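**Q** Encoded as structure tokens, here's the structure I'll be asking about.
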Amino acid sequence: MESSNWPGALPRSGNQRLERLESAAPWFEVYRVSAGTFALLEPRHYEEVISYLILGNERGVLFDTGMGIGNIQAEVERLTDLPVVVVNSHSHYDHVGDNYRYPDVWAFDDEGEVARIEEGKSRAECLHYLEPGSYLDLPPDFDPAAYEIRPAPVTRRLQHLDTVALGGRALTVHHTPGHSAGSICLLDSRDDILFTGDAFYPGMMYGHFEDSNFDDYQSSMRYLVGLLDQVSHLCPAHNEAYVPKEVLLRVQDAFGQIASGQAPYDIEDDARVYHFEGFGVMLPDLLA
């Protein structure tokens with residue numbers, strides 16, 4: 001990831017501004033984002049993925065379930081007794097690892113995203129996620145050779161602008177394709193937090209996957225910029241759990257530079273890699 005220097009850059013500045021809470025296991029770091037909003041970080045893997053527990057008066061949403069290396073459900077149960085529904089930002093492995101622990105898993109109504117969640121990933125497919133140097137201090141009860149992403153049925157298919165009512169608080173679903181076809185963000189009605197999933201995070205933003213689409217990504221960024229007057233700050237799904245919302249303006253400008261051919265790039269492993277201040281973009285090499 002672009003914001004890397006992992007693990008030497010830990011803890012990252014956007015996390016240090018938040019109140020850190022005790023966690024059930026050292027694999028996770030837990031931070032309070034606002035009253036009833038918690039960031040569950042997994043900084044001991046280079047992905048530095050972040051899931052979010054968002055609570056209302058009647059129920060909560062767990063926005064993604066992380067890598068499935070540590071037990072995220074145990075962390076959630078320390079924080080709330082309310083019933084919790086999983087909402088996946090998208091279907092990539094590092095966001096759905098503990099889906100199987102929950103009876104209700106919701107995702108955007110995209111066939112590819114739903115299929116990946118429901119099929120999971122085999123142990124053979126997961127081997128390269130735990131290559132030497134990609135992690136620190138795995139949990140003592142975790143067997144890397146047995147690592148897999150277990151299948152989980154999707155019990156509700158979300159649509160653009162669906163509302164998830166939590167009781168005194170609601171989350172609006174915003175479809176933001178680009179990183180993947182069914183990527184979504186959630187906008188919190190109470191605290192005006194925009195949970196961006198992988199649509200944006202302060203790191204190398206990946207638009208080179210088989211179901212990535214740069215034109216869609218650029219359109220989604222314009223769309224998110226259009227929401228900024230409703231947003232207090234950003235809670236991304238990697239690296240930092242608090243990012244000022246104004247960074248989306250710079251990302252939109254960067255995407256414009258890329259689209260116009262004005263942004264310099266490097267070629268790495270058949271991909272074009274663009275570097276900007278605080279983030280990067282990886283796209284397929286047009287000549288590959």
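Read-outs: derived from the displayed coordinates by stated rules, not from any lab. It should be emphasised that the depicted structure is a prediction, and the values quoted were computed from it without experimental measurement. Here the Cβ positions follow ideal geometry from the backbone for every residue, glycine too, while neighbour counts run over all protein chains shown.
**Q** By how many nm would the segment from GLU246 to ASP270 lengthen if fully extended, with 0.36 nm per residue of separation less the alpha-carbon distance?
**A** Here the segment from GLU246 to ASP270 would lengthen by 5.5 nm.
**Q** Can I ask one more? If R0 is 22 Å, what FRET efficiency do you get for ASP215 and GLU125 from their C-beta distance, rounded to 0.05?
**A** 0.15
**Q** Continuing with this model, one more query. Take the Cα pairs of region 221-276, get the Kirkwood Rh, then feed it into Stokes-Einstein at 4 °C and 1.567 mPa s and tell me D in µm²/s.
**A** Rounded to a whole number, D works out at 101 µm²/s.
**Q** Could you bin all the Cα-Cα distances of region 116-219 into 10 Å bins starting at 0 and give me the percent of pairs in each, rounded to whole numbers?
**A** Reading upward from the zero bin: 12, 29, 35, 22, 2.
**Q** Need the full-extension length gain, ARG222 to LEU136, defined as separation in residues times 0.36 nm minus the C-alpha distance. One decimal, nm.
**A** Taking 0.36 nm per residue and subtracting the Cα distance, the gain is 27.3 nm.
**Q** Normalised by the number of residues in the chain, what is the relative contact order in percent for Cα pairs under 8 Å and 6+ residues apart?
**A** Once normalised by length, the contact order is 16 percent.
**Q** Could you give the length gained by full extension between ARG190 and SER260, i.e. 0.36 nm per residue of separation minus their alpha carbon distance, to one decimal place?
**A** The ARG190-SER260 span can extend by a further 21.4 nm.
**Q** What nm distance separates the two modelled labels at GLN230 and ALA35, each placed 7 Å from Cα along Cα→Cβ?
**A** 2.3 nm
**Q** Limiting things to C-alpha atoms, what are the Rg and the maximum Cα-Cα separation (Dmax) for the chain, in angstroms?
**A** 17.7, 53
**Q** Distances longer than 18 Å among the Cα atoms of region 162-236: what percent of all pairs is that?
**A** For region 162-236, the share of Cα pairs beyond 18 Å comes to 37 percent.
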